[in-house]
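A.B. asks: Below is one structure. I have some questions about it.
The values are calculated or read from the model by the stated rules, or taken from the named source; none is laboratory data. Keep in mind that what you see is a predicted model, and the values were worked out from it rather than measured. Note: ideal-geometry Cβ built from the backbone for every residue, glycine included; neighbour counts use all protein chains shown. Side chains included, ligands, DNA and RNA excluded: accessible areas come from the protein's heavy atoms. Shrake-Rupley method; radii C 1.70, N 1.55, O 1.52, S 1.80 Å.
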There are 2 protein chains.
Amino acid sequence: MGRWEPNAVQRLQQAAWKLFAERGYADVTVTEIAERAGLTKRSFFNHFADKREVLFAGAQGFEADILGYLAETDADAEPIDAAIAALTRGGLDLTPYREPARIRRGLIASSTELQERNLIKMASLTAAIAEALGERRVPARTAAFAAQAAVAAFDAAYDDWAADATADFSALMRQALSDLRHAVDAAHDEEPPQS
Amino acid sequence: MGRWEPNAVQRLQQAAWKLFAERGYADVTVTEIAERAGLTKRSFFNHFADKREVLFAGAQGFEADILGYLAETDADAEPIDAAIAALTRGGLDLTPYREPARIRRGLIASSTELQERNLIKMASLTAAIAEALGERRVPARTAAFAAQAAVAAFDAAYDDWAADATADFSALMRQALSDLRHAVDAAHDEEPPQS
DNA sequence: CCGGTGAGTGCACCTGGTGCCATCAGTGAT
DNA sequence: ATCACTGATGGCACCAGGTGCACTCACCGG
């Protein structure tokens, strides 16, 4: 393990975050990020596949965590309940990082490039969950739809959580799932959800 | 209205499709597309925002059609049923274009760039449907989830239709919606869906 | 015949991204 | 000490996507 200044990846991420926060994603150049981290453009691309990736560093680990939590759920539970449980635990892990989450959210909203990347990360998460559910004795279709529904609920809850500093993430997930079922259910006798 | 060779946009699309089909998306350059259409790179970008967009030309019109169909549905229907009805009609309109749909599908599968673009187009469609549903007296949350569910069902049905030449799209949509409800429902007394 | 309009073009330029090879810090073995 | 090795880094040339700007030129209407 060679050693120059350590933690090149971290330094690049920090530099990128600062610059993006200062001047917005589009107006920052990869060369600038690298130089602020004491490196070069070439080294940036040795660590990140492209400019967008520097903002989605956590995604891979998050996906792995979710799959871990999913494996811990009761194997006989309904697929969607298992997925919701796993995503709820994963979301709770993010609780300490509300401020970065808000900044990231703003950046993504400002750039269609980043929106696309975000969507494909969510799709990747969904696919991974669906595959894991598929290893239980569940039809692939059911697994895929359950995963999509669970991730949709997560996404909504995550957004609410980013917007409302006082909210409890578990409660937001429960509410989102309930709203989702309400929206999808054919039989529709109860009140519409408030808000 | 000035006149050179007419239909520049069409010519560019046709040239792009042919070249992509021959050599794959990644190995074709914008300059090549433009030249095969008798134009220049600069003109290509006067007509399309970027290289990806040439494959998604129909998306805007499709979205508009769906919104039109949605407006024709019974205003008192369940949001998800209205969305499903509109998407079913839209899907039926595509029936004559199965072969192009299959090619497009293969191209998209081969390039993450195109997958990202595809996802954002679907997201745009979803958002448009959700907004339209929101103008009925439906909570925004319900509208959003209903739209997501309906588009998810459409996507699954569309995939099935592209894969199976003998399938009836309406039936595929009904099946997809049924599977979706099965996957999302809490109360789960019936058989799992076959397939 | 004349001025306007708008599609198409030429060109210079920027940035993201890659292939290839050189370099150089530390590591473990001799 | 020294040497071979490894892996992070850097330099460089190069490509493709994409943009700003000024220009041409076919056609239009008067």
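A.B. asks: Please work out if B:PRO193 is at pLDDT below 95, open to solvent by less than 50 Å² (accessible area, probe 1.4 Å) and at the interface with chain A (Cβ under 10 Å from one of its Cβ atoms).
C.D. replies: yes
A.B. asks: Conditions: (1) buried (at least 17 other Cβ atoms within 10 Å of the Cβ); (2) closer than 30 Å to B:ARG23 by Cβ. B:ILE84 meets all but one. Number of the miss?
C.D. replies: (2)
A.B. asks: Can you name the number of the only condition in (1) more than 16 Å from DNA strand D (Cβ to nearest atom); (2) open to solvent by less than 80 Å² (accessible area, probe 1.4 Å); (3) at pLDDT below 95 that A:GLY68 fails?
C.D. replies: In the conditions (1) more than 16 Å from DNA strand D (Cβ to nearest atom); (2) open to solvent by less than 80 Å² (accessible area, probe 1.4 Å); (3) at pLDDT below 95, A:GLY68 misses (3) alone.
A.B. asks: Across the stretch A:26-56, what is the total count of residues that are in a loop (DSSP other than H, G, I, E, B), among the β-branched types (Val, Ile, Thr) and either free of Cβ contacts under 8 Å to residues at least 12 places away in the same chain or loosely packed, with under 15 Cβ neighbours inside 10 Å (or both)?
C.D. replies: 2
A.B. asks: Same structure, new question: Might you let me know whether the stretch B:97-118 holds any residue that is within 14 Å of chain A (Cβ to nearest Cβ), within 19 Å of B:ALA147 (Cβ to Cβ) and within 11 Å of the chain's Cα centre (by Cα)?
C.D. replies: Within the stretch B:97-118 (the criterion being within 14 Å of chain A (Cβ to nearest Cβ), within 19 Å of B:ALA147 (Cβ to Cβ) and within 11 Å of the chain's Cα centre (by Cα)), the answer is yes, since at least one residue qualifies.
A.B. asks: Sticking with this structure for a sec: Check A:ALA49 against each of (1) at pLDDT 95 or above; (2) away from DNA strand D (no atom under 16 Å from the Cβ) and name the one condition it does not meet.
C.D. replies: (2)
A.B. asks: Can I ask one more? Would a scan of the stretch A:13-20 turn up a residue that is more than 16 Å from DNA strand C (Cβ to nearest atom), open to solvent by 60 Å² or more (accessible area, probe 1.4 Å) and either at pLDDT 95 or above or not small (Gly, Ala, Ser) (or both)?
C.D. replies: Scanning the stretch A:13-20, I find at least one residue that is more than 16 Å from DNA strand C (Cβ to nearest atom), open to solvent by 60 Å² or more (accessible area, probe 1.4 Å) and either at pLDDT 95 or above or not small (Gly, Ala, Ser) (or both), so the answer is yes.
A.B. asks: Could you tell me whether the stretch A:137-154 includes any residue that is β-branched (Val, Ile, Thr) and either over 22 Å from B:ILE120 (Cα atoms) or at the interface with another protein chain (Cβ under 7 Å from one of its Cβ atoms) (or both)?
C.D. replies: yes
A.B. asks: Out of the stretch B:71-91, which residues are over 17 Å from B:ASP155 (Cα atoms) and either touching an Asp or Glu at 6+ places or on another chain (Cβ under 9 Å) or away from chain A (no Cβ under 14 Å) (or both)?
C.D. replies: Within the stretch B:71-91, B:ALA71, B:GLU72, B:THR73, B:ASP74, B:ALA75, B:GLU78 meet the criteria.
A.B. asks: In the set A:ARG3, A:ARG42, A:ARG23, A:ARG36, which member is near DNA strand D (Cβ under 9 Å from one of its atoms), more than 14 Å from chain B (Cβ to nearest Cβ) and at pLDDT 95 or above?
C.D. replies: The unique qualifying residue is A:ARG42.
A.B. asks: When you scan the stretch A:133-141, do you find a residue that is surrounded by 18 or more Cβ atoms within 10 Å (Cβ to Cβ), over 23 Å from B:ASN118 (Cα atoms) and touching a residue at least 60 places away in the same chain (Cβ under 8 Å), even just one?
C.D. replies: There is at least one residue in the stretch A:133-141 that is surrounded by 18 or more Cβ atoms within 10 Å (Cβ to Cβ), over 23 Å from B:ASN118 (Cα atoms) and touching a residue at least 60 places away in the same chain (Cβ under 8 Å).
A.B. asks: Tell me yes or no: at least one residue of the stretch B:125-148 is assigned to a helix (DSSP H, G or I) and within 21 Å of B:GLN13 (Cβ to Cβ).
C.D. replies: Within the stretch B:125-148, one or more residues are assigned to a helix (DSSP H, G or I) and within 21 Å of B:GLN13 (Cβ to Cβ).
A.B. asks: Which of the residues spanning the stretch B:155-187 are within 14 Å of B:ARG105 (Cβ to Cβ) and open to solvent by 10 Å² or more (accessible area, probe 1.4 Å)?
C.D. replies: Selection gives B:ASP155, B:ALA156, B:TYR158, B:ASP159, B:ASP160, B:ALA163, B:ASP164, B:ALA165.
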